[in-house]
Amino acid sequence: MKRECDRIGDAVWEYVRFGVELCEDDRQHVAECQECERILAESRRVQGLMKEVSRVPQASDCTSAVMSRITARRRPVWGYAATAAMMLLVIVGGLIFLRPHSVTQQIAREVSKPVVTAPAHAAAPEVVQDQSANRERIEAKTARRRSAVAAKRPRRNRRPQARPAPQQRNEMENPASAPEQIAASKHRPVMVAAATWSNAPSQSSSCTYTETNETTGETSICKVEKSPGTVTIFMESKPGGEKLPQKGI
Amino acid sequence: MSETCEKLVELAKGGNTVAFEQLIAIHQERVHALAYRILGNSDDASDIQQETFIRAWQSLRKFREDAAFSTWLHRITVNLCLSMKRRRDYGASEPLVEEMHAVVQGSVLCLERTEEITVLRRALAGLPDHHRVPLVLRDMEDRSYEEIAGILGCSVESVRSRLCRSRALLRERMRPYMEVR
Ligand SMILES: [Zn+2]
């Protein structure tokens, strides 16, 4: 009976609150059941109070507050690109300053590659190609200077180099195979890394880092160029033949 | 979902902030009312009101039109209210300003009524969330069983049984007070 009263109690509540009519059986039950009669009275009283409890104070207009929060969170796309570019510059700059020897080694590896085995040169961007006339002039001059220094220098005192690839090693062990190309490629600016992004800021800028090896006199130059759409990092090595250690001469 | 609302939702999904602003204007009062009825605190209801629209904007792309936008929005509101309640120790809500006015007026009838309202408010606040929220949605906001099921993410049958239980609990908790009168 209690279970039946609970079920009818809910129907009674719906009847009081929303005017949903009871079926004939339920109506008969309520008329005869003391428990359900009490439920009907309680429902009426509680729901009278519920109307009061349901009152809500005037809501303030939140439109402008929400919209300002939404628009503040929306950053323009180029803002992210500019941030990424700046972070890349900082990281590369930091690496160059903090690890000068590894840069030198990388440059040594790069300059030891013959032209035929250095496809990165072919893929270098326009900015590298544009400097070719000047570069050839410097290369010819430096190659001449290098040959003169190499002729004077005993083999055992030569600066250690990174272990070359087998093909390179053959070419280097057998200088007759391509001596001129190797000499000509030694201080060609090498494109180490490039990044592109869309909607880049229109301004261009660049910065240059220079490091001189006290022992060999070799100068390593790293140039970072930021132009619309690209960050390009060039590395160049200029030999300092005149500054070779006394012991080696 | 009305055609206007549907169009606004479509535009807002594409990032149109003006359309979303209009959606806020249409829905903000009901969102605030629902939050206030669940939490019983006006400041918190205003916070939830703002947060609801921020969350809605952030996840608008996930909204599928198989439910009404208002149902989806009110589901966010309910979830935010319940997590706020879990974070804080929510007791019985404070009496409304109108109730305080009634007390100041000094009428015995008003005072009795105010006491009864406070008792009911406490009884409601003491109900477990899974019983109280359907009661708020049905008996305070006049929502259909289907809509409540959509907001709570449960079946209509589950709504019916939870409502039956919450109404019985409420009557039970109000009974001692009513017998004294
Ligand atoms: Zn009965």
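Below are the figures for this structure:
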read-out	value
Pairs where the first residue, in segment B:137-163, is under 16 Å from B:ARG75 (Cα atoms) and the second is in a loop (DSSP other than H, G, I, E, B) and of a type in the set (A, V, I, L, M), C-beta under 6 Å, 6+ apart	B:GLY150/B:ALA67
The lone exception for A:SER54 - which of (1) of a type in the set (Gly, Ala, Ser); (2) more than 60 Å from the chain's Cα centre (by Cα); (3) open to solvent by less than 20 Å² (accessible area, probe 1.4 Å) it fails	(2)
Of residues in segment A:32-57 being under 17 Å from A:ARG3 (Cα atoms) and not β-branched (Val, Ile, Thr), the one nearest to the other protein chains (Cβ to nearest Cβ)	A:ARG38
Any chance A:GLU24 is within 16 Å of the ligand (Cβ to nearest atom) and surrounded by 14 or more Cβ atoms within 10 Å (Cβ to Cβ)	no
Scope segment B:57-74; condition closer than 20 Å to B:LEU137 by Cα and open to solvent by less than 10 Å² (accessible area, probe 1.4 Å); matching residues	B:PHE69, B:LEU73, B:HIS74
Conditions (1) more than 12 Å from every other protein chain (Cβ to nearest Cβ); (2) in contact with a Leu (Cβ under 8 Å, 6 or more places away or on another chain); (3) modelled with pLDDT of 95 or more; number of the one not met by B:GLN22	(1)
Selection from segment B:164-181 of residues that are of a type in the set (Lys, Arg), touching a residue at least 12 places away in the same chain (Cβ under 8 Å) and open to solvent by less than 40 Å² (accessible area, probe 1.4 Å)	B:ARG167
Subset tally (residues that are open to solvent by 40 Å² or more (accessible area, probe 1.4 Å) and either more than 8 Å from the ligand (Cβ to nearest atom) or in contact with a strand residue (DSSP E or B) (Cβ under 6 Å, 6 or more places away or on another chain) (or both)) for segment A:3-21	10
Matching option when the condition is modelled with pLDDT of 70 or more and farther than 21 Å from A:GLY94 by Cβ, among A:LYS247, A:LYS238, A:LYS243	A:LYS238
Complete set of residues in segment A:31-51 that are open to solvent by 20 Å² or more (accessible area, probe 1.4 Å) and within 12 Å of the ligand (Cβ to nearest atom)	A:ALA31, A:GLU32, A:GLN34, A:GLU35, A:GLU37, A:ARG38, A:LEU40
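The values are calculated or read from the model by the stated rules, or taken from the named source; none is laboratory data. Computed from a predicted model, the values in this text were never measured in an experiment. A quick note on method: Cβ atoms are made from the backbone with ideal geometry, for glycine too, and the neighbour counts reach across all protein chains shown. The accessibility values were calculated without ligands, DNA or RNA, using every heavy atom of the protein model including side chains. Shrake-Rupley method; radii C 1.70, N 1.55, O 1.52, S 1.80 Å.
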